[in-house]
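**Q** Can you read through this structure? Questions will come right after.
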Amino acid sequence: MIIAAFVAALTGCGGNGRGSAAEGEPSTAVEAVRPKPPSNPTPDGETELLLVGLDGATWHVIDSLLAQGNLPNLSRLIETGVRGRLESERPIQSPPVWTTIATGKTREQHGIETFFVVRDDDKKIPVTTRMRTARPFWDIFSEMGISVGVMGWWPSWPAEEVRNGFIISDRAWPVRFSPNAVPYGTRRDETGSVVEWDFERRTWPEELFEEFRPFIVTEEAVVRPEITEQIFGSRAKPRQEMWNAYWVYAKDITFVRSGLHFLSKRRPRVFAIYLEGADVMSHYYWHYRPAEKFEISPEDRALFGDAVDRYYRYADEVIGRLLRTAGEETAILIVSDHGFETLWDLKVKWERGEEIEHEGGKGGYPYTHALHGIFIASGPGFANGVRVEGASIYDVMPTLMHRMGLPAGEDMPGRVLKEAFESNFIERHPLERIPTWERAEQQKSTDTIVEGPMDDAILEKLKTLGYVD
Ligand SMILES: [Zn+2]
């Protein structure tokens, strides 16, 4: 069977990188108290947990759509599971927060402190996994014999070796964040010629990129009347304001379709997928939502008024497809790194024509990232119909580890959200901690600030979102 052969090849290739406990590594007192990885890792087979990251998803939109009966999958998961607000931290920036979610560590501990680092020559370099100084769940899980699959996490390039699983990094999608740039999937080299993007570690293992490649959707491909209708609710002719929706849908559709493929083919025990659309659609189309009460022309309202909500309906559909593909016995965690909100005080100023400034950028519109995102947990192991209070981004990793039967580290500031679990799950799995999961040698050094081939395009994207001056 092809799948079994591939899995065997995949699990057999660990053992020589930082993603695995290699022979001859310095053994520290701390490591001695870590649980020992199983000698025979559990093979892939059944997916036990889905982790869905929805950048910028907020209860503000979800609750209004739930009230209209519009999110059937989320509605079912919440009714039979756990919901709560997830407190983020300021400055509310996605790469540090997603890294906190994946590591359970503070920015200082994990080393991803903002969107980019400024090098000595003043060049801004978007963050990469090389700058990270704490171990993410995919590294720890795979070492402990829990197979993992990770799609598009921000940041996950260069894709790190995982002993037991696979990674499709955020840069596997050949970004082109400008309508007038070179053709999709290409770039200009130093001589100005147009060449195809080709660089290492877009995926782990490396050869997985060829399996991912056919799933790449370009923005040209989504600029079609039927997709425009899905995004905006009408078949209007494409215009400039639609372009941001086109690129983010192209990106998310790519990770969703390839994710469904890899999920059904590999069946890792933990499958994680990150989707950017709720954040990007909110940045560009929030003020058209009728509920936010901005003065918008009737034509624009008709065209864009539903764009944010439509993305949430798409995400709901994706969640349903992921669950159907993973199977009934799969638990699911859905989290966002922050919410989104209208800053009503600033809106009053803005409507009087005064200049406004907020964390989401200078000028622009008076709406931005909100401090609270979402937490949803449902399925085997999790409680039924419970609301968790006071959850934070620091609690996701300890909770995720507990669900997979591993103790959190004492150096993780968050807590296991005990009330999110079924009482007999907690009885069977007492809360335990070990001092740390970190390795002694994992220290930040300046040679980790290396340029990536997509840096300029990424900075351009961050500029259009108002994150970089
Ligand atoms: Zn975000």
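**Q** Which one of 357, 341, 329, 389 is within 24 Å of residue 56 (Cβ to Cβ), away from the ligand (no atom under 16 Å from the Cβ), surrounded by fewer than 21 Cβ atoms within 10 Å (Cβ to Cβ) and touching a residue at least 24 places away in the same chain (Cβ under 8 Å)? Full working, then the answer.
**A** On the way: 357 fails: touching a residue at least 24 places away in the same chain (Cβ under 8 Å); 341 fails: away from the ligand (no atom under 16 Å from the Cβ); 329 fails: within 24 Å of residue 56 (Cβ to Cβ).
That would be 389, the only listed residue that is within 24 Å of residue 56 (Cβ to Cβ), away from the ligand (no atom under 16 Å from the Cβ), surrounded by fewer than 21 Cβ atoms within 10 Å (Cβ to Cβ) and touching a residue at least 24 places away in the same chain (Cβ under 8 Å).
**Q** Here are some residues: 303, 323, 275. Which one is farther than 25 Å from residue 94 by Cα, of a type in the set (A, V, I, L, M) and at pLDDT 95 or above?
**A** Result: 323 is the single residue among 303, 323, 275 that is farther than 25 Å from residue 94 by Cα, of a type in the set (A, V, I, L, M) and at pLDDT 95 or above.
**Q** When you check residue 52 against the structure, is it touching a strand residue (DSSP E or B) at 6+ places or on another chain (Cβ under 9 Å) and over 25 Å from residue 264 (Cα atoms), yes or no?
**A** Taking the combined requirement at face value, the residue does not satisfy it.
**Q** Does residue 156 qualify as being farther than 21 Å from residue 452 by Cα and either more than 16 Å from the ligand (Cβ to nearest atom) or crowded, with 24+ Cβ neighbours inside 10 Å (or both)?
**A** Criteria not met by residue 156.
**Q** From the list 288, 284, 274, exactly one residue is within 16 Å of the ligand (Cβ to nearest atom) and surrounded by fewer than 22 Cβ atoms within 10 Å (Cβ to Cβ). Which is it?
**A** 284
**Q** Would you mind stating whether residue 148 is of a type in the set (A, V, I, L, M), within 17 Å of the chain's Cα centre (by Cα) and either at pLDDT 95 or above or more than 16 Å from the ligand (Cβ to nearest atom) (or both)?
**A** It is true that residue 148 is of a type in the set (A, V, I, L, M), within 17 Å of the chain's Cα centre (by Cα) and either at pLDDT 95 or above or more than 16 Å from the ligand (Cβ to nearest atom) (or both).
**Q** May I pose another question? Just one of 294, 271 is out of contact with any Asp or Glu (no Cβ under 8 Å at 6 or more places or on another chain) and under 30 Å from residue 208 (Cβ atoms); which is it? Even if it seems obvious, please write down each step before you answer.
**A** Values: 294 fails: under 30 Å from residue 208 (Cβ atoms).
The unique qualifying residue is 271.
**Q** Restricted to the stretch 97-117, and to residues that are within 14 Å of the ligand (Cβ to nearest atom) and either over 15 Å from the mean Cα position of the chain (by Cα) or buried (at least 24 other Cβ atoms within 10 Å of the Cβ) (or both), which residue is farthest from residue 368 (Cα to Cα)? Don't jump to the end; show me each part of the working.
**A** Looking only at the stretch 97-117, we keep the residues that are within 14 Å of the ligand (Cβ to nearest atom), and these are 97-102, 112, 114-115.
From what is left, the residues that are either over 15 Å from the mean Cα position of the chain (by Cα) or buried (at least 24 other Cβ atoms within 10 Å of the Cβ) (or both) are 97-102, 112, 114.
Numbers: 97: 16, 98: 18, 99: 21, 100: 21, 101: 21, 102: 23, 112: 21, 114: 17 Å.
Within the stretch 97-117, the match that is farthest from residue 368 (Cα to Cα) is 102.
**Q** Within the stretch 360-370, which residues are within 12 Å of the ligand (Cβ to nearest atom) and modelled with pLDDT of 85 or more?
**A** Within the stretch 360-370, 368, 369, 370 meet the criteria.
**Q** From 192, 259, 233, which residue is of a type outside the set (Phe, Trp, Tyr), over 30 Å from residue 405 (Cα atoms) and touching a Leu at 6+ places or on another chain (Cβ under 9 Å)?
**A** One residue alone meets the criteria, 233.
**Q** Pairs only if they're at least six apart or on different chains, beta carbon under 6 angstrom, first in the stretch 397-418 and in contact (Cβ under 8 Å) with a residue 12 or more places away in the chain, second buried (at least 23 other Cβ atoms within 10 Å of the Cβ) and polar (S, T, N, Q); list them, first residue then second.
**A** Note: pairs meeting the criteria are 416/399; 417/399.
**Q** Restricting to the stretch 310-347, give me the number of residues that are more than 16 Å from residue 367 (Cα to Cα) and touching a helix residue (DSSP H, G or I) at 6+ places or on another chain (Cβ under 8 Å).
**A** 24
**Q** Of all residues in the stretch 73-94, how many are over 13 Å from residue 340 (Cα atoms), among the polar types (S, T, N, Q) and either within 16 Å of the ligand (Cβ to nearest atom) or under 20 Å from the mean Cα position of the chain (by Cα) (or both)?
**A** Residues meeting the conditions: 1.
The values are calculated or read from the model by the stated rules, or taken from the named source; none is laboratory data. None of the values given here were measured: they were computed from a predicted structure. Positions of Cβ are generated from backbone atoms using ideal geometry, with glycine treated the same way; all protein chains shown enter the neighbour counts.
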